[in-house]
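A.B. asks: Following this message is one structure expressed as structure tokens.
The values are calculated or read from the model by the stated rules, or taken from the named source; none is laboratory data. These numbers were taken from a predicted model, which means no experiment stands behind them. Cβ atoms come from the backbone with ideal geometry, glycine included; neighbour counts cover every protein chain shown.
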Ligand code: UDP
């Protein structure tokens, strides 16, 4: 089997590749993370600019800048990789008649009024807000993918991951994803920065669980299907901070900062569909996943 993976050198892609057997080509601009697994053909290019005559069995489009603090600094690049990038990846898949898997985002639900949120919820998104470069472009990608499915019969699947974390999440403490930032701060003894009052929630998914669910989504008979992939266990950000302080035995203190603009107040996945159709549900508890992640961070920070 031949796989083309955009963003394959990133956090999610590098974990996925370790579980795939076949000939893998990665297209990645290496702008955020750079984990290039051994024996993989890597092309340093943005997916929207990538041109090839090669044929693939699977096109997996992961390339994106998912960290709010990062994408808000790079809104044009973000909006383009999630729109033109998706178009280019779809065209490559169409020429190959490949199976196309897109990593969308729980972000497309915006300020969801139903939590845990099922796939058939339409979302409540600010089309011109500070996060729109990400959430609206992910929504456009989904619309374009479903158009390729309806017009050309392309075998597409869409997944919507909810706050995946684990080893290799960027560790520099400025990148902004909450798990990596809190662990970094706790291990360095710095203040743990909470935006707002910390009552906002997320549900966290350990990366090994994400890989297992993603592999299932590459199976047969899933043309045009959309799946949440995440946890339904909501955690308040303040409680996450306390948990990380306790698991690391850190002396860090909690510091409250002004809230982030348009920060979704609650987020968790309704996973009824993926459980029923693919027999998947998360296996790794938050405590176990955080411990594995903390161990990895200790290694890279020492
Ligand atoms: N967050 C926080 N402090 C930080 C980073 C994030 O309180 O240093 C909060 C953020 O306001 C949001 C949640 O943690 O409510 C998750 O943020 P993240 O950047 O991981 O991504 P999001 O889920 O918003 O896309």
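A.B. asks: Here is a list of conditions, (1) over 14 Å from the mean Cα position of the chain (by Cα); (2) more than 10 Å from the ligand (Cβ to nearest atom); (3) within 17 Å of residue 67 (Cα to Cα), and residue 193 meets all of them except one; can you say which number that is?
C.D. replies: (2)
A.B. asks: Looking at (1) under 28 Å from residue 150 (Cβ atoms); (2) modelled with pLDDT of 95 or more; (3) buried (at least 20 other Cβ atoms within 10 Å of the Cβ), which is the only condition residue 24 fails?
C.D. replies: Result: residue 24 passes all but (1).
A.B. asks: Need pairs with beta-carbon distance below 7 Å; first residue more than 10 Å from the ligand (Cβ to nearest atom) and within segment 159-178, second at pLDDT below 90 and in a loop (DSSP other than H, G, I, E, B); sequence gap 6+ or separate chains.
C.D. replies: Pairs found: 168/33; 168/35; 170/32; 170/33.
A.B. asks: I'd like the full set of residues that are farther than 21 Å from residue 288 by Cα and without any contact (Cβ under 8 Å) to a residue 40 or more places away in the chain, limited to segment 201-253.
C.D. replies: 220, 221
A.B. asks: Further question on the same structure: Please determine whether any residue of segment 149-157 is in contact with a helix residue (DSSP H, G or I) (Cβ under 9 Å, 6 or more places away or on another chain) and within 15 Å of the ligand (Cβ to nearest atom).
C.D. replies: No - not one qualifying residue is present in segment 149-157.
A.B. asks: Moving on to the next point. Which of the residues belonging to segment 262-276 are surrounded by fewer than 19 Cβ atoms within 10 Å (Cβ to Cβ) and touching a helix residue (DSSP H, G or I) at 6+ places or on another chain (Cβ under 9 Å)?
C.D. replies: Residues satisfying the conditions are 262, 263.
A.B. asks: Would you confirm whether any residue within segment 52-62 is closer than 23 Å to residue 163 by Cα, touching a helix residue (DSSP H, G or I) at 6+ places or on another chain (Cβ under 7 Å) and in a loop (DSSP other than H, G, I, E, B)?
C.D. replies: For segment 52-62, residues closer than 23 Å to residue 163 by Cα, touching a helix residue (DSSP H, G or I) at 6+ places or on another chain (Cβ under 7 Å) and in a loop (DSSP other than H, G, I, E, B): present.
A.B. asks: Looking only at residues that are in contact with a strand residue (DSSP E or B) (Cβ under 9 Å, 6 or more places away or on another chain) and not in a helix (DSSP H, G or I) in segment 130-158, which one is surrounded by the most Cβ atoms within 10 Å (Cβ to Cβ)?
C.D. replies: Only one residue fits best here, namely 156.
A.B. asks: Moving on to the next point. Quickly run through segment 216-259 and pick out the residues that are more than 15 Å from the ligand (Cβ to nearest atom), in contact with a helix residue (DSSP H, G or I) (Cβ under 8 Å, 6 or more places away or on another chain) and in a helix (DSSP H, G or I).
C.D. replies: Matches in segment 216-259: 216, 217, 247, 248.
A.B. asks: Does residue 40 qualify as being in contact with a strand residue (DSSP E or B) (Cβ under 6 Å, 6 or more places away or on another chain) and in contact (Cβ under 8 Å) with a residue 24 or more places away in the chain?
C.D. replies: It is true that residue 40 is in contact with a strand residue (DSSP E or B) (Cβ under 6 Å, 6 or more places away or on another chain) and in contact (Cβ under 8 Å) with a residue 24 or more places away in the chain.
A.B. asks: Right, another one. Output the residues belonging to segment 270-292 that are part of a helix (DSSP H, G or I), closer than 28 Å to residue 219 by Cβ and within 18 Å of the chain's Cα centre (by Cα).
C.D. replies: 274, 286, 289
A.B. asks: Which of (1) at pLDDT below 95; (2) over 14 Å from residue 88 (Cα atoms); (3) away from the ligand (no atom under 16 Å from the Cβ) does residue 47 not meet, given it meets every other one?
C.D. replies: (2)
A.B. asks: Within 18 Å of residue 261 (Cα to Cα) and more than 19 Å from the chain's Cα centre (by Cα): is that true of residue 124 in this structure?
C.D. replies: Yes: the conditions hold for residue 124.
A.B. asks: In segment 86-98, is there at least one residue being in a loop (DSSP other than H, G, I, E, B) and surrounded by 16 or more Cβ atoms within 10 Å (Cβ to Cβ)?
C.D. replies: Looking through segment 86-98, at least one residue is in a loop (DSSP other than H, G, I, E, B) and surrounded by 16 or more Cβ atoms within 10 Å (Cβ to Cβ).
A.B. asks: Need pairs with beta-carbon distance below 9 Å; first residue at positive phi and within segment 120-148, second at pLDDT 95 or above and buried (at least 17 other Cβ atoms within 10 Å of the Cβ); sequence gap 6+ or separate chains.
C.D. replies: Here the result reads 123/108; 123/109; 123/110; 123/112; 123/117; 123/135; 123/139, each pair linking segment 120-148 to a residue that is at pLDDT 95 or above and buried (at least 17 other Cβ atoms within 10 Å of the Cβ).
A.B. asks: Which residues, counting only those in segment 37-55, are farther than 18 Å from residue 78 by Cα and under 23 Å from the mean Cα position of the chain (by Cα)?
C.D. replies: 37, 38, 40, 41, 42, 43 - these are the residues of segment 37-55 that are farther than 18 Å from residue 78 by Cα and under 23 Å from the mean Cα position of the chain (by Cα).
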